[in-house]
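Inspection log for the structure reproduced underneath, given as C-alpha cells.
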Amino acid sequence: MSEGVDSQPVALGASRVELRVSCWSLSEREDAAKPDPCLVLHQLSAGQWSGRSEVLRGSRNPVFGHVFALDYFFEEMQILRFDVFDADGESAEDVGSETGVLLGTIECTLGQVRLMFIHLGLVSPQIEAEEVSRTNEFVQLEFHGQELDDKDFFSKSDPFLEIYKVNSNEKEHLVWRTEVVKNNLSPRWQPFRVSLQSLCSCDPGKSIRCIIYDHDSSGKHDYIGEFSTTFQEMLQASSGDEVKWECINHKYQEKKKHYKNSGYIVLAQCKMEKVHTFLDYIMGGLQISFTVAIDFTASNGDPRSEHSLHFINPKEPNEYLKTLSSVGEICQDYDSDKQFPAFGFGARIPPDFEVSHDFAINFEPDNPECERIAGVIEAYKRCLPQIQLYGPTNVAPIINKVAAPAAEEEKTGLPTKYRVLLILTDGVVSDMPEACDAVVRASRLPLSIIIVGIGNADFSDMRELNGDRGMLESDEGRAFRDIVQFVPLREFKKAPPNALAKCVLAEVPKQVVEYYGSKGIAPATQRSSSPLPQ
C-alpha cells in the first residue's frame, strides 16, 4: 500500500509539479459491488504514459496515495489524460492494457490544473497541482504502534497509517500510506522516505494529520484513531529520542466517559537526508554502460520468413531493430567510449552449434563490444544467418554475466560506471526461479535491467520480475531495490517514435540515485562536501 512521490531530478527550464487525484461517486458494478478503482495518467503531448496509481479495493470515493510528479514547461501545451478504471480484482500493472473496465476519462492541459473539479458522467475526479520547490532535502521516517484498538472479532487488527499535509485553507493532501501489518496491535511499519516539500512544504510548523485504520479487504477500513503534529515536533526523534503520540478516536472520546486513547503511535526515527540528483552524478563523471541481450529462441520464427520477428525487411526495420535504435541512441549519449557489449541467448552457435545463453553476437567472446548502437545493429544483422534459433528462453546467465563487472564496480565505492542491461525477448522466461535469484543478487549492484517484450506473446509472468506486485523475493532473499522495468512493445505501436525510449528509460535516473544514495556515495564533484547535520 505504500505510495509516494518519486525523487526524480527536475529538468532544466522546468518547474516540478505534483498531482494528487481523488474521485467520488464512481459507478458500481452490475452486481452492485463497489469498484476497485485505479487511475492511469497519460501525457498525450509527449506520447507517453506517466504511470498508474495503486488499486483501492471496494471504493466509490477513492483518494489515491500515488503522487504523479511532472515537469511543467510554461512555453509548452502539455496535454494530459486521466483514465479511471475498475480493476475488478486485477493488480495495478494490468489495468489499462488487456484488463480493467474504463469508468471514465478526462483531458486537460497541465497549465489548467490548479484546483479542478471536472465532471464526466458518474466519475468526478478532483485534481490538485502543487509546484515543488527545487529542494533536494528528504526525511526518512520510521513509525510503530503500541496497544492499538482491536477492531476484528476473530483476530487482531491489520493496521496501516496515512499521513496528510494540512494547508492553510485546511485542505488536506495525502502524503504517504504505509503498508498493512497483519494481525498486530503493535505494528512496526517499514521506514520510508519523503521529500520535505511533500511532507510540509518545507515549513516545519505546518500541521500534519496522521490517521490509523484497520485494513479490510472490502475497502471498508475501520477507523482506529488519529493525531496531529508538525515536522518541528517530529524532529525531536532526530537526536535518538522517540516521539510518542496518543491515538485518539474522537467518537469514542465524546461518547465514552472513561475513554483515554486507542493506543499510541511512536516515531522511532526522523533522519534528514540530502538526495543528489541524476544530473549531479552525470556532471560528476558517472558513465552509463549499456549492454544489449537479444532473444534468438525458435519461437521468434525462421528469420528467412517474413512472419518472423527477426525477418530483415529492407523497407522497414523489425521490432528488434526499432527497439535497439530507439533506446540505444539515447543511452549512447551517456557513455564516453560509445562501446556496447552485445549478446544473444537461446541459439545454437558455430562452430559446434551448441546452445548458448550468453554469446557475443560479433562472435568475439574476448571483445563483445560494438562501436555505437549502429555497430550493435550491424552485428545483429551479420549474426542472424550464422546461428540456429533454438531455446529455451533463459535470461539468468546474461543477468549474471553483466552483474559480474558491476560487482567489481561496487567494490570501488565510487560513482564511475552504472550498467544498464537491455533484454529484448519474444516470450515467457523459462528459468524464472533462477532469473529471480539473479535479479535479487543484482539489486545490490550498480545495475538496472530493462526488458522489452517483442511480439504478441503472453508476458504476464514478467510482473514478477518487474516488482509491480511488491519487492521481488526469491530463494536468495528479498530484493534490495527495484531494478527491473518491463514494457511490452505492442503498447507503443501507435505512439510517436520517441515514446518507447522515454518509457523504458524513465526509471533509470531514479534507480541510479537510489543505488548511490543507499550506499551513501555522493557525486564525484561533491564527495568532499560536509554531510548534513543529522
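Since every read-out is calculated from the coordinates, none of them should be taken as a lab result. Worth saying up front: this structure is predicted, and the values here are computed from it rather than measured. Counting neighbours? That spans all protein chains shown, and the Cβs are built from the backbone with ideal geometry, glycine included.
Modelled spin labels at E147 and M471, positioned 7 Å past Cα toward Cβ, are 3.1 nm from each other.
For the stretch 182-212, the residues whose amide N sits under 20 Å from a probe point set 7 Å from the Cα of Y259 along the beta carbon direction are 209-212. Across the stretch 342-357, computed HN-Hα scalar couplings (Karplus, 6.51 cos²θ - 1.76 cosθ + 1.60, θ = phi - 60°) run 9, 10, x, 8, x, 10, 8, 10, x, x, 8, 6, 8, 5, 10, 10 Hz from first to last residue, x flagging Gly and Pro. Packing around the peptides 33-42, 272-281, 100-109, taken as the average count of other Cβ atoms within 10 Å per residue, puts them in this order, highest first: 33-42, 272-281, 100-109.
How large is the dipole of the chain about the Cα centre if only Lys and Arg carry +1 and Asp and Glu carry -1, each at its Cβ, rounded to the nearest 20 debye?
Numbers: 54 positive and 80 negative charges, 232 e Å.
The dipole magnitude comes to about 1120 debye.
Mind scanning K156/K519; K274/K338; K182/K519; K165/K220; K182/K260 and naming the pairs with a C-alpha gap bigger than 28 Å? Check vs 28 Å cut-off fails for K156/K519; K274/K338; K182/K519. The length gained on full extension between R382 and L44, counted as 0.36 nm times the residue separation minus their Cα-Cα distance, comes to 117.9 nm. A cut-off of 5 Å between modelled amide H atoms, ignoring neighbours fewer than 5 places along the same chain, links G51 with L41.
Compute the length gained on full extension between E408 and D203: take 0.36 nm times their separation in residues and subtract their Cα-Cα distance, giving the result in nm to one decimal. Working shown, then result.
Values: separation 205, 0.36 × 205 = 73.80 nm, distance 4.28 nm.
Stretched out fully, the E408 to D203 stretch lengthens by 69.5 nm.
Among residues other than L185 whose Cβ falls under 12 Å from its Cβ, what is the net charge (Lys/Arg +1, Asp/Glu -1)?
Numbers: positive: K151, K156, K182, R188; negative: E147, D149, D150, D152, D158, D214.
Its environment carries a net charge of -2.
Along the positive direction of the dipole of the chain (beta-carbon charges: Lys, Arg +1; Asp, Glu -1; about the Cα centre), which of T109, P204, S186 reaches farthest? Projecting each Cα onto the dipole axis, the largest value belongs to P204. For the pair E233 and K493, label points projected 7 Å from Cα toward Cβ lie 5.7 nm apart.
On the beta carbon distance between E306 and E329, with R0 = 30 Å, the FRET formula returns roughly 0.70. Counted residue by residue at 0.36 nm each, then reduced by the alpha carbon distance between them, the extension gain from D431 to Y223 reaches 70.4 nm. For the chain, the C-alpha radius of gyration divided by 2.2 N^0.38 Å, with N the number of residues, is 1.04. Put simply, when 254-260, 346-352 are sorted by average Cβ atoms within 10 angstrom per residue, most first, you get 346-352, 254-260.
Which residues in the stretch 53-70 place their backbone N less than 19 Å from a point set 7 Å from the Cα of V101 along the Cα-to-Cβ direction? Under cut-off, by backbone N: 55-62. Sequence neighbours fewer than 8 away in the same chain don't count; with that in mind, list the lysines whose C-alpha is under 19 Å from K502. Result set, ordered by chain and number: K322, K493, K494, K510.
Listed peptides 23-32, 229-238, 500-509 appear in the order 500-509, 229-238, 23-32 once ranked by packing, highest mean of other Cβ atoms within 10 Å at the front.
Please identify the DSSP H helices in the chain that span no less than 24 Å along the helix axis (Cα) and have a mean Kyte-Doolittle hydropathy of -1.0 or more. List each step's numbers first, then the result.
Values: long enough: 396-412 (25 Å, -0.21).
Long hydrophobic helices here: 396-412.
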